[in-house]
Amino acid sequence: MANPLQLRAEVLANHVEGEYRRLVLRAPGVPERVRPGHFATLAVGGPNSALLLRRPFAIHRADPRAGTVELVVAVRGAGSAELADSRPGELLDLIAPLGTPFPLPEGPATALLVAGGYGAVPLLALGEAVLRRGGQVGVILGAARADRLYGVEQARALTRDVLVVTEDGSLGMTGRVTDPLAQAIRAIDATVVYGCGPMPMLRELSRIALDAGVRCQVAVEEAMACGTGICMTCVLPVVGEDGVSRFVRSCTEGPVFDGGRVRWDDRGRVPDDLEGAAAMGGAGR
Ligand SMILES: Cc1cc2nc3c(=O)[nH]c(=O)nc-3n(C[C@H](O)[C@H](O)[C@H](O)COP(=O)(O)OP(=O)(O)OC[C@H]3O[C@@H](n4cnc5c(N)ncnc54)[C@H](O)[C@@H]3O)c2cc1C
Ligand code: FES
């Protein structure tokens, strides 16, 4: 895990961007610790609220000179609705950075960034980091409909190789974000695929990348209660480098994983060959 800080972060701005709100927060000491793929958690509801758990959000931008971090919020339930309504001057209880970031290629690489909806949030700064290392970048952004896309203009500022895909055809190609993936890998001769989005998308992305012989790194969105490695809510079955499968915490060892090592079909159950499965009595089956 990164070396996180907990602080009261002042909301400097709250921008409406399609279906999303982009919050700019003053968080001194945090931006210099942030790498693409890190996330933050925010307390919601105030001290007497029934909303006990902090809410996790990927860090979109971190600017050490301005002392700011940016988060992008989609309204889902009570916690995210409250955050989306926050006003300049309000203070939010922030812990960041958390998790393990995307591994950067050693040298110049050709990276394909693939995002479902707000999955683009951690990927755009990652694309910039790849370019700074002399590499090249292609981007595929997908969503159910146009207003659920995030970062189209930012992606176009990054590279000319941007594909937009919507399920209802309201912008770009009609279909799913993974439909053009195999062809795009070949077209730009990608050496690595980075993905972020819903779990079924990441499963499909990992399968296609592996079939194409390209490694992939994906940032998962597994439900998280503590965000700091204590509660084990967020575990995923992952094959280790020694070939042994173990439950691994998405909040500390992740949220970024080698997509080829995640046992996507065994999420939510305890596979028999998982280390320690017998001792767990086959829970979840
Ligand atoms: C690593 C990570 C990065 C994320 N990045 C973003 C982002 O950049 N932008 C964004 O809009 N959302 C992001 N999410 C999802 C966001 O955390 C949930 O939408 C939010 O917690 C929902 O809270 P709520 O009170 O509005 O909804 P409720 O559904 O009322 O939440 C109830 C509980 O379930 C948990 N929960 C609900 N949905 C999710 C979910 N999809 N993932 C994890 N926990 C969930 C909440 O933490 C909370 O404890 C991310 C989640 C994770 C794990
Ligand atoms: S969310 Fe508690 S251990 Fe990961």
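The values are calculated or read from the model by the stated rules, or taken from the named source; none is laboratory data. No experiment lies behind these values; they were computed from the predicted model shown. Positions of Cβ are generated from backbone atoms using ideal geometry, with glycine treated the same way; all protein chains shown enter the neighbour counts.
Annotations
- Gly172 among the small types (Gly, Ala, Ser), within 16 Å of ligand 1 (Cβ to nearest atom) and modelled with pLDDT of 95 or more: no
- Scanning region 84-104 for residues that are at positive phi and either in contact with a Cys (Cβ under 7 Å, 6 or more places away or on another chain) or assigned to a helix (DSSP H, G or I) (or both) yields a count of 1.
Matching residues to (1) within 14 Å of ligand 1 (Cβ to nearest atom); (2) touching a strand residue (DSSP E or B) at 6+ places or on another chain (Cβ under 8 Å); (3) not in a loop (DSSP other than H, G, I, E, B):
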position: Glu82; (1), (2), (3): yes, no, yes
position: Glu106; (1), (2), (3): no, no, no
position: Val114; (1), (2), (3): no, yes, yes
position: Leu126; (1), (2), (3): yes, yes, yes
position: Leu131; (1), (2), (3): no, yes, yes
position: Leu163; (1), (2), (3): no, yes, yes
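- Leading residue by the ranking (farthest from Ile59 (Cα to Cα)) among those in region 218-245 that are more than 6 Å from ligand 2 (Cβ to nearest atom), without any contact (Cβ under 8 Å) to a residue 60 or more places away in the chain and among the β-branched types (Val, Ile, Thr): Val244
- Residue under evaluation Ala62, criteria (1) under 22 Å from Cys226 (Cβ atoms); (2) in a strand (DSSP E or B); (3) among the small types (Gly, Ala, Ser), criterion not met: (1)
- Taking the listed residues Arg76, Arg87, the one that is of a type in the set (Lys, Arg) and in contact (Cβ under 8 Å) with a residue 12 or more places away in the chain is Arg87, with no other qualifying.
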